[in-house]
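Contents: one structure, followed by commentary.
The values are calculated or read from the model by the stated rules, or taken from the named source; none is laboratory data. These numbers were taken from a predicted model, which means no experiment stands behind them. As a convention, Cβ positions derive from the backbone with ideal geometry for all residues, glycine included, and neighbour counts pool all protein chains shown.
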Number of protein chains: 2
Amino acid sequence: MGDDWVMASPKPVSEQSKTLKDSDGPLVSSAPSRALERFLLRRVLEAMGPPSFSVVLWDGFAIHPPSGEAIATAHIHTRNALIQLLRQGDTGFGEAFSRGEITVDGDLVDFLVAAFSVPQPEGVAKLVKQMQQRKPRANTQTGSRQNIHHHYDIGNDFYRLWLDAEMQYTCAYFPEADMTLEAAQQAKMDHICRKLQLQPGDRVAEAGCGWGGLARHMALYYGASVLSWNVSKEQVRYASDRAKAEGYDDRVTYVLDDYRNMSGEYDVFVSVGMLEHVGADNYPELGNVVDRCLTANGRALVHSIGRNRPRLMNAWIEKRIFPGAYPPTLREMMDIFEPHHFSVLDVENLRLHYALTLDEWLTRFDEHYETVVTQFDEEFARAWRLYLAGSQAAFLAGGLQLFQVLFTRERNNELPFSRGHLYV
Amino acid sequence: MGDDWVMASPKPVSEQSKTLKDSDGPLVSSAPSRALERFLLRRVLEAMGPPSFSVVLWDGFAIHPPSGEAIATAHIHTRNALIQLLRQGDTGFGEAFSRGEITVDGDLVDFLVAAFSVPQPEGVAKLVKQMQQRKPRANTQTGSRQNIHHHYDIGNDFYRLWLDAEMQYTCAYFPEADMTLEAAQQAKMDHICRKLQLQPGDRVAEAGCGWGGLARHMALYYGASVLSWNVSKEQVRYASDRAKAEGYDDRVTYVLDDYRNMSGEYDVFVSVGMLEHVGADNYPELGNVVDRCLTANGRALVHSIGRNRPRLMNAWIEKRIFPGAYPPTLREMMDIFEPHHFSVLDVENLRLHYALTLDEWLTRFDEHYETVVTQFDEEFARAWRLYLAGSQAAFLAGGLQLFQVLFTRERNNELPFSRGHLYV
């Protein structure tokens, strides 16, 4: 397979890379790359099969795809970054990229799709990859609060820069691919309310409510009465303040507490984008919560990022962005449903909708890049850019899925005979 | 709980029961029931919780529901039937009902729904129930042929009596509840073709084709070119003869062989009502077959009776009607998809549609009851009547589900952004 790769001799550091010297710290190594480093890099790329991008080291040593046409070029500006990449894989790439010691010329998403579209490593490379993976941080009630605080309490102003007006931080629904993000987030909420056959007066329990947009939508447009649980202080404060200011706090209550402490009886249970943070060990307990709260003919929906096969969250994202996160397979999700004989009525996979959503978020993020750097710093901005681009790439390459699962109790016979009511 | 039951003393054998004496054999016992028998019967009924039907023994001893309003009455006409019922549960009931030693006054489906709607047995009763269950007959290639022969090769004339004109022996689709069976079977085939986005010229591989109706539909109305595998000689002969007579045998080929021997490359893989006969052990092999045959952007659909939790097929149905049959949970079905990273795009549960379908079949079956008795005998007719009514009851009570699962390869990005095209 070595023949698939075209090597170029070391050259002087490129103009593009040089500009990085303006940043803090020694961002470009000066000593030439060593034969062993070049050998290992070539081995890693060979193990990936023939990708379609180029890799250029700090001294100009380059590996190009055999076709000669690279869709993007990854520049590794320091020896430190190369070693980290070789040792830690995805995590090393993420860390070095965040520090600016790896940069990508060309479209970052295209590059990451190409990087994700290589075969899984075999043999020794596979063992190394498995050893790099760890168990995600525990989602005990204390652990969950810390994990959620890490991600969601970094400031509503930050999320406002690139989310829609309703602050929906979950997959939108684009029945028409050319919809705006705003319209697609509204369409997502309507799609969910229709699946749940939401009626005026319905009592809704929501587990994980983000900034409260879905609860608001259910109350204002469907006449429901909603209780929403969330362990993020900043999100609950934002949602509660807004409900009071806009005058529907009689119909929506945001509860700063863990979903495991839910109580009461409800016609509808809904959870959008929380399951990723629940952890597979806790699915039976989530099932118990639904069973405790749902009426005999109640309807329930879980919306979550998922996988086609069991795999931990990308190690770097789990470490830096989403501690404790784990996207389940459909098989793993059955631990919520089977113990209570819940009947799965409808599963819809919205994978490409999340790619479109992330494309919108990344575009808005890039438009406000300088503001993010000002609010935080360069490293934060680069890390979040990689996270948004990498997630989009994973949905495009099929590594991530988005499952919406509608379910009810086994004996509920009040079911519509067609899903046509979702499409009128 | 004994207080929930109202006992009546033994009375002379009822008029209704007496008429059974006209049939062959000693169908009504003459000796009075014994205290022990009445005690055991009461215990079994108590363990079931308070059902809504009455039970009357051959000597007139009766147990009525506490409400006094019985939705139906089960008459146990012989000591032999009572002992078989107590010893073998569902199987004993099925055997004694088939022989006419148990009859039911009132709607048989209502009675069976009530019988299915009792809690699962606990303690000793549960252990006894588990001991009664056996592993279904193996579905090796030889085993499958025998199992399928048992059910499907008992004569096309028999099935013609109560199936629709296209001989669809799988769940129909009633987007409107008042559709005819004929229209609902057409709607089912169109629903599947739309889910698969079937286009003119598409090459389709079908695993388990029944009497060939779906293959015929795909060729005639969608311009597809179909190869259909089936191990039932009678079905393949019927389907092939019809294709030749009606002049589309250039577009549809029915292959008398096991799905495991499928070869070729196809844009579409479809299997409607076969998975129930595949057996959970063979799901990985079915996944291999799909992986071997499906193009990069091919679409695949599996339609199967299923369960909300793992449970063997009703023992009597497995013994008398469907040897080797096993309805899987969604979790178990994942053994088809996960090893090949297939992406599940859409799961639709059509449970109540199967109840409607069975209601139509049972009505037509009853209209031709005397013909069935003439073609076979009383015992066969009673057994099939119980099977159709019991299946309907199981779908109504939630013990059985009907899952339609659409899936593709992980990297296929040619997906519609909405399922709206199914509902135009």
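Need the failing condition index for B:T103 against (1) assigned to a helix (DSSP H, G or I); (2) modelled with pLDDT of 95 or more; (3) in contact with a Phe, Trp or Tyr (Cβ under 9 Å, 6 or more places away or on another chain), just the number.
All conditions pass for B:T103, except number (1).
List the pairs whose first member sits in the stretch A:344-363 and is in a helix (DSSP H, G or I), whose second member is at pLDDT 95 or above and among the basic types (K, R), and whose Cβ atoms are under 9 Å apart, counting only residues at least 6 apart or on separate chains?
A:H353/A:K188; A:T357/A:K188; A:L362/A:R385
Can you say whether A:P416 is under 30 Å from A:Q199 (Cα atoms), more than 8 Å from chain B (Cβ to nearest Cβ) and not β-branched (V, I, T), as far as the supplied structure shows?
Answer is yes for this residue.
If I filter the stretch A:206-215 for residues that are over 23 Å from the mean Cα position of the chain (by Cα) and farther than 28 Å from B:P416 by Cβ, do I get at least one hit?
No: zero hits.
How many of the residues in the stretch B:294-332 are within 14 Å of chain A (Cβ to nearest Cβ), of a type in the set (G, A, S) and touching a Ser or Thr at 6+ places or on another chain (Cβ under 9 Å)?
Qualifying residue count, the stretch B:294-332: 3.
Taking the stretch B:244-270 only, how many residues are under 11 Å from B:V204 (Cβ atoms) and in contact with a helix residue (DSSP H, G or I) (Cβ under 9 Å, 6 or more places away or on another chain)?
Qualifying residue count, the stretch B:244-270: 8.
Give me the helices (runs of 4 or more DSSP H) completely within the stretch B:138-234, filtered to those with at least 1 residues that are closer than 25 Å to B:R292 by Cα and in contact (Cβ under 8 Å) with a residue 40 or more places away in the chain, ordered by residue number.
Correct list: B:141-152, B:181-195, B:213-222.
Has the stretch A:188-207 got at least one residue that is farther than 20 Å from A:R299 by Cα, more than 14 Å from chain B (Cβ to nearest Cβ), crowded, with 23+ Cβ neighbours inside 10 Å and in contact with an Asp or Glu (Cβ under 9 Å, 6 or more places away or on another chain)?
no
Quick one: B:H77 ticks every box in (1) at pLDDT 85 or above; (2) out of contact with any Gly (no Cβ under 9 Å at 6 or more places or on another chain) bar one, so which box is it?
So B:H77 meets the others, but not (2).
All but one of (1) more than 30 Å from A:D291 (Cβ to Cβ); (2) within 14 Å of chain B (Cβ to nearest Cβ) hold for A:F407, so report the exception by its number.
Among (1) more than 30 Å from A:D291 (Cβ to Cβ); (2) within 14 Å of chain B (Cβ to nearest Cβ), A:F407 violates only (1).
Among the residues of the stretch A:284-293, is any within 22 Å of B:F337 (Cα to Cα) and either within 14 Å of chain B (Cβ to nearest Cβ) or not in a loop (DSSP other than H, G, I, E, B) (or both)?
Checked the stretch A:284-293: no residue is within 22 Å of B:F337 (Cα to Cα) and either within 14 Å of chain B (Cβ to nearest Cβ) or not in a loop (DSSP other than H, G, I, E, B) (or both).
Being in the same structural domain as B:I192 (by TED's automatic domain parsing), touching a His at 6+ places or on another chain (Cβ under 8 Å) and at pLDDT 95 or above is the requirement here; does B:G223 meet it?
Judged against the criteria, B:G223 is not a match.
Take the stretch B:371-398 and flag every residue that is outside any helix (DSSP H, G or I) and more than 8 Å from chain A (Cβ to nearest Cβ).
B:F376, B:D377
Quick check: is even one residue across the stretch A:239-251 within 25 Å of the chain's Cα centre (by Cα), in the same structural domain as A:G324 (by TED's automatic domain parsing) and more than 16 Å from A:Y169 (Cα to Cα)?
No, every residue in the stretch A:239-251 fails to be within 25 Å of the chain's Cα centre (by Cα), in the same structural domain as A:G324 (by TED's automatic domain parsing) and more than 16 Å from A:Y169 (Cα to Cα).
Out of all the residues in the stretch A:313-343, which are surrounded by fewer than 23 Cβ atoms within 10 Å (Cβ to Cβ), modelled with pLDDT of 95 or more and in a helix (DSSP H, G or I)?
Listed by number, the residues that qualify are A:R331, A:E332, A:D335, A:E338, A:P339, A:H340.
Restricting to the stretch A:54-83, give me the number of residues that are part of a helix (DSSP H, G or I) and touching a strand residue (DSSP E or B) at 6+ places or on another chain (Cβ under 6 Å).
Residues meeting the conditions: 2.
For residues in the stretch B:399-410 being in a strand (DSSP E or B) and not aliphatic (A, V, I, L, M), which is nearest to the chain's Cα centre (by Cα)?
B:Q401
Quick check on A:D281: is it within 23 Å of A:L402 (Cβ to Cβ), more than 14 Å from chain B (Cβ to nearest Cβ) and of a type in the set (D, E, K, R)?
yes
Name the residue that is nearest to B:M262 (Cα to Cα), counting only residues in the stretch B:176-187 that are within 14 Å of chain A (Cβ to nearest Cβ) and among the charged types (D, E, K, R).
B:E176
Using the structure shown, decide if A:E360 is surrounded by fewer than 18 Cβ atoms within 10 Å (Cβ to Cβ), in contact with a helix residue (DSSP H, G or I) (Cβ under 6 Å, 6 or more places away or on another chain) and away from chain B (no Cβ under 14 Å).
In short, no.
What is the number of the single condition among (1) touching a Lys or Arg at 6+ places or on another chain (Cβ under 7 Å); (2) modelled with pLDDT under 95 that A:R411 does not meet?
(1)
Is one or more of the residues making up the stretch A:87-108 in contact (Cβ under 8 Å) with a residue 60 or more places away in the chain and basic (K, R)?
Within the stretch A:87-108, one or more residues are in contact (Cβ under 8 Å) with a residue 60 or more places away in the chain and basic (K, R).
If only one of B:R260, B:R292 is among the basic types (K, R) and either within 25 Å of B:E234 (Cβ to Cβ) or not assigned by TED's automatic domain parsing to the domain that holds B:R242 (or both), which one is it?
So the residue among B:R260, B:R292 that is among the basic types (K, R) and either within 25 Å of B:E234 (Cβ to Cβ) or not assigned by TED's automatic domain parsing to the domain that holds B:R242 (or both) is B:R260.
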